[in-house]
Amino acid sequence: MKIGLFDSGIGGLTVLTQLVKYMPDAEYFYVADTLNAPFGTKTQDQILVISLRVLDFLERSGVDCIVTACNTADASIRSAKVQTQIPYFGILDFEISADLQRVAVIATKFTVQNGIYGRILKSKGAKEVLEIPCQSFVKIVEEGLIDSSQADQEIENCMGILRNSGTSTLVFGCTHFPFLAHKIRAHFPELILFDPAQSVAEKVWRALMKTNRDNGKVNFFVTSDPSSFSNKILKYQRLFDLPFTVELIDLGDPIR
Ligand code: DGL
């Protein structure tokens, strides 16, 4: 089976890691549109153009399904009701069984403005949903600063609002953010952390169960600076533990 994934950078690795747990014998096609990163500060129209280009590339690569490993892109694709030629899954296809009395979601600027998490979680029974923009976390993760004092500072700046708020469950509404889970846990030990990726990976596995196996492998495609991306991947390869290649592709002019 061949699975297409995409994100603006390394955030999708948190989804790839979960997919590989269920399907270590799949061939993955992971597009990181690094030329257009970050996505979360862009408009609906810009993110949609980026997403349509990547969906088209993945469809032409012959994958069996697409998994949008980026909340920002998935929110934009869903808002525009895009139809794909092949089965489509996104990180927003999650199921959740945690305490939903008072839930907080940390996400990019775009995802929070879109309000999609509030709508989804309320449709699943959440009483109150607090959506908090934490766009600066994306850069911290991409720049390998997850253990820095800058990360501590940004967590306090963005999430301080959660102190004494009665929130029980925190949802990672951006695929970059689980890389900061250890730090967030240290700052807010009372919160139950929920990453939608595991539930989405299980859904993809159920849908593909009968598809032929391949040799486990990850083909990364980036739209700028393949060597810096390869270095980041080498640092995190232990998470998905498959052989990989990194190739530079051209998906068109940068979207600004
Ligand atoms: N990892 C992405 C998400 O889940 C996008 C981060 C960004 O490029 O702003 O939303």
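The values are calculated or read from the model by the stated rules, or taken from the named source; none is laboratory data. The shown structure was predicted, so the numbers you read here are calculated from the model rather than taken from an experiment. Positions of Cβ are backbone-derived with ideal geometry, glycine not excepted, and every protein chain shown enters the neighbour counts.
Here is how the numbers come out for the structure above:
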item	result
Every residue from region 157-182 that is surrounded by 14 or more Cβ atoms within 10 Å (Cβ to Cβ) and hydrophobic (A, V, I, L, M, F, W, C)	CYS158, MET159, LEU162, LEU170, VAL171, PHE172, CYS174, PHE177, PHE179, LEU180, ALA181
Residue satisfying all of: in region 1-59; charged (D, E, K, R) and surrounded by fewer than 22 Cβ atoms within 10 Å (Cβ to Cβ); farthest from GLN113 (Cα to Cα) among these	ASP25
Matching residues in region 70-100 - criterion: being in contact (Cβ under 8 Å) with a residue 40 or more places away in the chain, more than 21 Å from LEU130 (Cβ to Cβ) and in a helix (DSSP H, G or I)	ALA73
Subset of region 76-101 (residues that are buried (at least 20 other Cβ atoms within 10 Å of the Cβ) and of a type in the set (S, T, N, Q))	SER76
Complete set of residues in region 235-256 that are in contact with a helix residue (DSSP H, G or I) (Cβ under 6 Å, 6 or more places away or on another chain) and of a type in the set (A, V, I, L, M)	LEU239, VAL246, LEU248, LEU251, ILE255
Qualifying residue in region 125-133 (condition: within 15 Å of the ligand (Cβ to nearest atom), in contact (Cβ under 8 Å) with a residue 12 or more places away in the chain, in contact with a strand residue (DSSP E or B) (Cβ under 7 Å, 6 or more places away or on another chain) and assigned to a helix (DSSP H, G or I))	no
Restricting region 19-63 to residues that are over 19 Å from VAL246 (Cβ atoms) and of a type in the set (Ser, Thr, Tyr), the residue that is nearest to the chain's Cα centre (by Cα)	SER51
Matching entry among GLU154, GLU143 (being away from the ligand (no atom under 12 Å from the Cβ) and surrounded by 13 or more Cβ atoms within 10 Å (Cβ to Cβ))	GLU154
Region 32-54 residues that are farther than 18 Å from GLY4 by Cβ and near the ligand (Cβ under 10 Å from one of its atoms), paired with ones that are modelled with pLDDT of 95 or more and assigned to a helix (DSSP H, G or I) (beta carbon under 7 Å, 6 or more apart)	PRO38/VAL138; GLY40/THR72; GLY40/LYS109; GLY40/PHE110; GLY40/THR111; GLY40/VAL138; THR41/LYS109; LYS42/PHE110
Some residue of region 102-109 being surrounded by fewer than 17 Cβ atoms within 10 Å (Cβ to Cβ), assigned to a loop (DSSP other than H, G, I, E, B) and either more than 11 Å from the ligand (Cβ to nearest atom) or free of Cβ contacts under 8 Å to residues at least 24 places away in the same chain (or both)	no
